[in-house]
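Before any comments, here is the structure.
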Amino acid sequence: MNKGPKDILGELPKVNKTTIKRLLSYLKAYKLHCAFVFLCIIVSAASGALVSLFIQSLIDDYITPLLRDSSPDFSGLLRAVLTMGVIYLFGILATLFYSRTMATVSQGVLKKIRDEMFSHMQTLPIKYFDTHTHGDIMSHFTSDTDTMSQMISQALPNILSSIMMIVAVFFAMLYLSIPLTLFVIIALVLILLLIRVITGRSGRNFARQQQAIGKIDGYIEEMIHGQKVIKVFNHEQKAKEGFDELNEILNDSSTKAHSYANILMPTMNNLGFVLYVVIAVAGGAIALGGVTNFGLSGIGLLTLGTIASFLQLSRNIINPIAQVSQQITSVVMALAGASRIFELLDEKPEEDNGYVTLVNAKYNENGEIVECKERTGIWAWKHPHSDGSITYTRLNGEVCLYDVDFGYTSDKTVLHNITLYAEKGQKIAFVGATGAGKTTITNLINRFYDIADGKIRYDGININKIKKADLRRSLGIVLQDVNLFTGTVMDNIRYGKLDATDEECIAAAKLANADGFIRMLKDGYNTVLKGDGSGFSQGQRQLISIARAAVADPPVMILDEATSSIDTRTEAIVQRGMDALMEGRTVFVIAHRLSTVKNADVIMVLENGRIIERGNHEKLIAQKGQYYRLYTGAFELE
Amino acid sequence: MLKTLSKCIRQYKKYAILTPLFVAFEVLLEVIIPRIMSYLIDYGIDDGNMPYILKAGLVLFFSAVMSLVFGVLAGRTAAQGSCGFAANLRHDMYANIQDFSFSNIDKFSTSSLITRLTTDVTNVQMAYQMIIRLAFRCPIMLIMASVMSFMIDIDLSLIFIAFVPFLGTGLVLIALKAHPRFVRVFNTYDKLNESVQENLHGIRVVKSFDREDYEIDKFKKVSDSIYKDFSKAEKTVAFNMPLMQLCIYSCMLLISWFGARAVVACGGDQQIGLSTGELMSLIMYSMQILSSLMAFSMVFVMIIISRASARRIYEVLVEKSDITSPETGAVSEVKDGSIDFDNVTFYYSKSADKPVLDNINLHIKSGSTIGIVGGTGSSKSSLVQLIPRLYDVPEGSVKVGGIDVRNYDLVTLRDNVAMVLQKNTLFSGTIKENLRWGNENASDEEIKRACSLACADGFIESFPDKYDTYIEQGGTNVSGGQRQRLCIARALLKNPRILILDDSTSAVDTATDAHIRHAFKNEIPNTTKIIIAQRIASVKDADMIIVMDDGKICEAGDHDSLIKLGGIYCEMYTSQTKGGSDDE
């Protein structure tokens, strides 16, 4: 045991000290609670140990002398029993108090960790979400937190109280007899060696089981997601065989893991009996041999009461040891979970060195822009300069890229020398094959990713100087994959502008052409969207997301394949909504369907991260280049 | 429910019998041990009789070792039995899911099936293990320990027997009170997971609208209610230990008091009354009995918790696939690729107010190319899903090669009707492995040919590992267009009589799309091709174009005749080509 859990559990994940330290730091907020719990655990453990000591006193101080007494006086015994009663009562109350306090502490700590995880997750760059699977991130909130919850609320207090118990019993033993204690220590060392073997094997197999569960989870998830494909391809038998293989591995490891875990308790329990026998024999020999006994209580002969009580103590020390060894596995697993959670918390948040902010503004009598508190419908960029002066630039929605290079990883550039000017109110379209870099450009404008080289200016301001939140608020976005949130239709529209009135939301829905179908719903705007808005057609969901962008009323809009997954008939309706939304705004459109981009002011044809043609539809058709070939279907882009 | 579940025990039945048997022996020995101890104390230590101490010690040692052996055996068989049972449950559920028809799959959501197969099975496994191990242990312990203590002293035994109902009621009350609270916690957990999931999916939206703080507030509300409910539930359960201690300590003191008096009264003579050793063993029996009750209450809680899980597993196990091959006389050859819909009316659920397909009559010649267009929700996909009998029609009939699809052997039918689904999936594995789904024994040449038909050979060859390129789960490492073309190639490898593409080229560029159609026309002329598409260009050259609206076929004919008709199709056509050059 003193070799540390890592040693005991062999292949289980390594536990490092910083994880433990950091985990403990969460308890700081509950200093007083913890102190109280600690105190209560001591009281509770001590009263438990007293149970055995009382047996010694019962036999030696009362029964044996009273047996010799011809007219026994039981008043002393009564007093002793009542005193013990009071002590036990304290012990019971202490147990109750610490269990209840621990519930508050452990759940409080877990809440704090969860909140921190989620809050921190919100600050992470898009790159994090693009490079980690949702399942992986989710598991921090589910299994990792669960194992930790298990540890904090159960294992930790259990171990603490067990250790207290062990210490208390140990002192009680020393009090009674030092030679017998030595016997016990030797026996315990042997027992611990055995435990180490059992827990080590059980731990290793639990780790294997965990792996097997992970694999089978992954398999089930993949197969059930593709279940319809399996059906269409008559692949059921194959799918079953694949499953059975993994199921067998899981069965094997979990059987082994549980077997070892199951035999731990009976082993401990019965070895406790063996220890009992050893003590009885040794104690008997000492007592009969007339060897002097010495303990913290003094020197004398080994009495019957001492032996009886010692026997009781030896059982009391085995139980907590069994408890601790049983809990160690869960502690190690929890610490592994904790270190994964801390990994997430240590993930570097999105950097934001922007200092230019977006403020409400109005014109003063001199025709200058000044900041104001109320919403005026006019927005301005507030630009503090190093000399302390502040200038205001009206938000127009002009976006320019100069010689922009970019790569998701530093070794592979996906955009080369992109230069483009989008004037206020212009519609800029991007056309090109999948992977040509259309979406990447829009990812750069709202700074989901930062450019490697070149410059992007928004209303003449380098976007690196603009606070990200303000930059993004000035850009509306409608994506191909519509993401709606649980809540009413109204809530989802209001997502664009949290303080929007119902009227504003309805007006936005009307603008987006969504009002019609929403009114047809049974509960109208109060219809609750479940999950990701399933139950609504793709087109309807897209209309809601357009209304959401409309209520935000940003000067610049990015429409990324917003109509690709909508059929052309519905598209006509959605398109009308989008046209209304685009009115008077600078718009970046990405579309597969050339009909959608035909009326753009400028069309950029992208290939392998470069703009190879630019101009309006007529010009590009006249040019008879890539766009022309694409348009006439005579050329394959990929 | 229990009957269905217990059928899954099968080859592990012997463990379900052996475990309680071993447990019974273990308990028997555990109960005998305190008795031997009392002899050891009374006749050995008290009388100063060393040989007796050794003799009793040996018996004690032997009993402990035997009890250990049985304990270990019981632990192992319990693990084997419960893990095996769980493995069988998973196997049976998964096998049944494989037999599910589309409508069965639609009934359970994917994520719920996954939870049922994992978390729920684990819960039931734990409960099952507790039942075969502890549920027997407790009553046996209770009875044997009581008998032993009655043999020692009836009056004193009554003391702790009196505590049994008291403790039992207390434990049950606590469990009953905590249970609804835990149920609430679990529900809130679902909400928490849902909100994280939603946030992850919509992270781009969250960031674009600068709603990070709003989302954090939303999350905190849920995490706060978890905090409140969970600490409440745990505070209720916190009464368990103190209650237990209260009973044990009270027993101890009462037995000490009355026991001491009894010992003194009889002069500590075993023959007359109670001895010191016997007093000690009584105390041990009281602890054994009361802690077995504690364990029993844990079993009780576990059973309550796992009940919901058991029900959810049961639901999957008893779900009967509503589509199966006919039991006798199944047709095992598809003659040709002709398709007939006769008066077909179809709905997904019997309670629907409006049929999804309304009296469809449609006759498709073998080898022809059919285009289907129509708005979302116009039931295009529903129509074609009836051809490989993914759903059964409640009215009318669907015929392939002149024979009703219900008369075919399912495997034969589906092998001959290849369908590229709208929501298509690639599986983790190499490109080749994925393609072989279509035909296990396909040669490299056949694979290459299918890929070239689907215009997939170009990009596959451009990968460094070519056909051995590893596809990540869900096909995330290839583009949408590439994924669709791989799915088409996979379907082509089946060499089907009928090929259905349900909006399968939407992410493919127009030119490639045209290429693929061209290849179909020239390379697989005898296969009936049904193409559902949004792009008019994709269906323009079809032998027949069907326009669907609201579950009905509202227009049908070739491109020119439909344009002349000036209906929906014409409107779609002009809307898609509006403002462009006159001829596409």
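Within the range B:61-90, being out of contact with any helix residue (DSSP H, G or I) (no Cβ under 6 Å at 6 or more places or on another chain) and modelled with pLDDT of 90 or more holds for one residue alone: B:Val69. Considering each residue of the range A:47-67 in turn, none proves to be without any contact (Cβ under 8 Å) to a residue 24 or more places away in the chain and assigned to a loop (DSSP other than H, G, I, E, B). When each of B:Leu73, B:Leu58 is tested for being under 16 Å from A:Thr267 (Cα atoms) and either more than 9 Å from chain A (Cβ to nearest Cβ) or hydrophobic (A, V, I, L, M, F, W, C) (or both), the lone residue that passes is B:Leu73. The residues of the range A:163-185 that are under 16 Å from A:Phe38 (Cβ atoms) and crowded, with 22+ Cβ neighbours inside 10 Å, listed by number, are A:Met165, A:Ala168. Note on the range B:190-234: among residues that are among the basic types (Lys, Arg) and part of a helix (DSSP H, G or I), the one that is surrounded by the most Cβ atoms within 10 Å (Cβ to Cβ) is B:Lys207. When we screen A:Ile466, A:Ile451 for residues that are within 17 Å of A:Glu351 (Cα to Cα), more than 14 Å from chain B (Cβ to nearest Cβ) and touching a strand residue (DSSP E or B) at 6+ places or on another chain (Cβ under 6 Å), the only hit is A:Ile451. Only one entry in B:Leu167, B:Leu171 is assigned to a helix (DSSP H, G or I), closer than 27 Å to B:Tyr189 by Cβ and either among the aliphatic types (A, V, I, L, M) or modelled with pLDDT of 80 or more (or both), namely B:Leu171. The helices (runs of 4 or more DSSP H) found wholly in the range B:461-566 and carrying at least 3 residues that are basic (Lys, Arg) and out of contact with any Asp or Glu (no Cβ under 8 Å at 6 or more places or on another chain) occupy B:480-492.
Residues that are among the acidic types (Asp, Glu) and buried (at least 21 other Cβ atoms within 10 Å of the Cβ) do not occur anywhere in the range B:312-327.
With respect to the stated conditions, B:Lys13 is surrounded by fewer than 20 Cβ atoms within 10 Å (Cβ to Cβ) and modelled with pLDDT of 85 or more. The set of residues in the range B:39-92 that are within 20 Å of A:Ala287 (Cα to Cα) and of a type in the set (Gly, Ala, Ser) comprises B:Gly44, B:Gly48, B:Ala56, B:Gly57.
Okay, residues lined up against (1) farther than 30 Å from B:Tyr227 by Cβ; (2) more than 8 Å from chain B (Cβ to nearest Cβ):
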site	(1), (2)
A:Leu78	yes, no
A:Gly91	no, no
A:Ala103	no, no
A:Lys112	no, yes
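Per the listing B:Lys466, B:Lys529, B:Lys540, the residue uniquely farther than 30 Å from B:Ile339 by Cα and either touching a Gly at 6+ places or on another chain (Cβ under 8 Å) or of a type in the set (D, E, K, R) (or both) is B:Lys466.
What tally of residues in the range B:16-48 results from selecting those that are facing another protein chain (nearest Cβ under 8 Å) and surrounded by fewer than 18 Cβ atoms within 10 Å (Cβ to Cβ)? Count: 1. Condition check for A:Ser297 on (1) surrounded by 22 or more Cβ atoms within 10 Å (Cβ to Cβ); (2) in contact (Cβ under 8 Å) with a residue 60 or more places away in the chain; (3) not hydrophobic (A, V, I, L, M, F, W, C): one failure, at (1).
Residues in the range A:247-277 that are more than 8 Å from chain B (Cβ to nearest Cβ) and surrounded by fewer than 19 Cβ atoms within 10 Å (Cβ to Cβ) were compared, and the one that is nearest to A:Ile321 (Cα to Cα) is A:Asp252.
Residues considered: B:Ser231, B:Ser250, B:Ser208, B:Ser256. Of these, the only one that is at the interface with chain A (Cβ under 9 Å from one of its Cβ atoms), touching a strand residue (DSSP E or B) at 6+ places or on another chain (Cβ under 7 Å) and among the polar types (S, T, N, Q) is B:Ser208. When B:Val264 is tested against (1) in contact with a Pro (Cβ under 8 Å, 6 or more places away or on another chain); (2) not in a helix (DSSP H, G or I), only condition (2) is not met.
Quick grid of which residues meet (1) assigned to a helix (DSSP H, G or I); (2) more than 14 Å from chain A (Cβ to nearest Cβ); (3) surrounded by 23 or more Cβ atoms within 10 Å (Cβ to Cβ); (4) in contact with a Ser or Thr (Cβ under 9 Å, 6 or more places away or on another chain):
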| position | (1), (2), (3), (4) |
| --- | --- |
| B:Ser397 | no, yes, no, no |
| B:Arg406 | yes, yes, no, yes |
| B:Thr412 | yes, no, no, yes |
| B:Phe427 | no, no, no, no |
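Across the range A:483-509, the qualifying residues are those that are among the aliphatic types (A, V, I, L, M) and surrounded by fewer than 24 Cβ atoms within 10 Å (Cβ to Cβ), and the one among them that is nearest to the other protein chains (Cβ to nearest Cβ) is A:Leu498.
Going by the structure shown, is B:Ser208 in contact (Cβ under 8 Å) with a residue 12 or more places away in the chain and polar (S, T, N, Q)? No: the conditions fail for B:Ser208.
One line per residue, one yes/no per condition, for (1) in the same structural domain as B:Thr412 (by TED's automatic domain parsing); (2) in a helix (DSSP H, G or I):
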residue: B:Ile289; (1), (2): no, yes
residue: B:Leu293; (1), (2): no, yes
residue: B:Met298; (1), (2): no, yes
residue: B:Ile304; (1), (2): no, yes
residue: B:Glu327; (1), (2): no, no
residue: B:Thr345; (1), (2): yes, no
residue: B:Tyr348; (1), (2): yes, no
residue: B:Asn359; (1), (2): yes, no
residue: B:Ile387; (1), (2): yes, no
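Being surrounded by fewer than 23 Cβ atoms within 10 Å (Cβ to Cβ) and either assigned to a helix (DSSP H, G or I) or within 7 Å of chain A (Cβ to nearest Cβ) (or both) is the filter here; which residues of the range B:435-446 pass it? Residues satisfying the conditions are B:Asp444, B:Glu445, B:Glu446.
Exactly one residue out of B:Ala511, B:Ala519, B:Ala537 is within 9 Å of another protein chain (Cβ to nearest Cβ), touching a Leu at 6+ places or on another chain (Cβ under 8 Å) and either of a type in the set (A, V, I, L, M, F, W, C) or surrounded by fewer than 21 Cβ atoms within 10 Å (Cβ to Cβ) (or both): that is B:Ala511.
Taken together, A:Ile195, A:Ile191, A:Ile224, A:Ile178 contain a single residue that is of a type in the set (Val, Ile, Thr) and without any contact (Cβ under 8 Å) to a residue 12 or more places away in the chain, which is A:Ile224. Residues in the range A:284-295 include none that are under 25 Å from B:Ala79 (Cβ atoms) and at the interface with another protein chain (Cβ under 7 Å from one of its Cβ atoms). Considering each residue of the range A:236-243 in turn, none proves to be surrounded by 22 or more Cβ atoms within 10 Å (Cβ to Cβ), over 31 Å from the mean Cα position of the chain (by Cα) and without any contact (Cβ under 8 Å) to a residue 12 or more places away in the chain.
The values are calculated or read from the model by the stated rules, or taken from the named source; none is laboratory data. The shown structure was predicted, so the numbers you read here are calculated from the model rather than taken from an experiment. Because the Cβ atoms are built from the backbone with ideal geometry, glycine has one as well, and the counts that use them run over all protein chains shown.
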